[in-house]
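Asks: Attaching a single structure in structure tokens format; questions to follow.
Read-outs: derived from the displayed coordinates by stated rules, not from any lab. It should be emphasised that the depicted structure is a prediction, and the values quoted were computed from it without experimental measurement. Cβ coordinates were reconstructed from backbone atoms using ideal geometry, including for glycine residues, and neighbour counts include every protein chain displayed.
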């Protein structure tokens, strides 16, 4: 795989992760640098490693966990 193709895949992944995190936090008026925002970032990364690859998939999984202690533990 060429370096530009690898870079695009990585950029797309970062875009999905950050987009999901920004959207989730904005919908709940949560600061990204707050404890809740940092915890949500950890969950977003865990979801990515669990196989969720698109912003919509990650947001859906976050919404499923919304309100549960798992999100902020």
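Asks: Hey, fewest Cβ within 10 Å first, where do 49, 11, 22 land in order?
Replies: Values: 49 7, 11 10, 22 13.
Ordered by Cβ neighbours within 10 Å, fewest first: 49, 11, 22.
Asks: Arrange the following residues from fewest to most other Cβ atoms within 10 Å of their Cβ: 53, 33. If you can, show how the numbers build up before the last one.
Replies: Details: 53 13, 33 9.
If I rank by nearby Cβ atoms, fewest first, I get 33, 53.
Asks: Here is a follow-up. Please arrange 45, 30 by how many other C-beta atoms lie within 10 Å of their C-beta, fewest to most.
Replies: On the way: 45 13, 30 17.
So the residues, fewest neighbours to most, are 45, 30.
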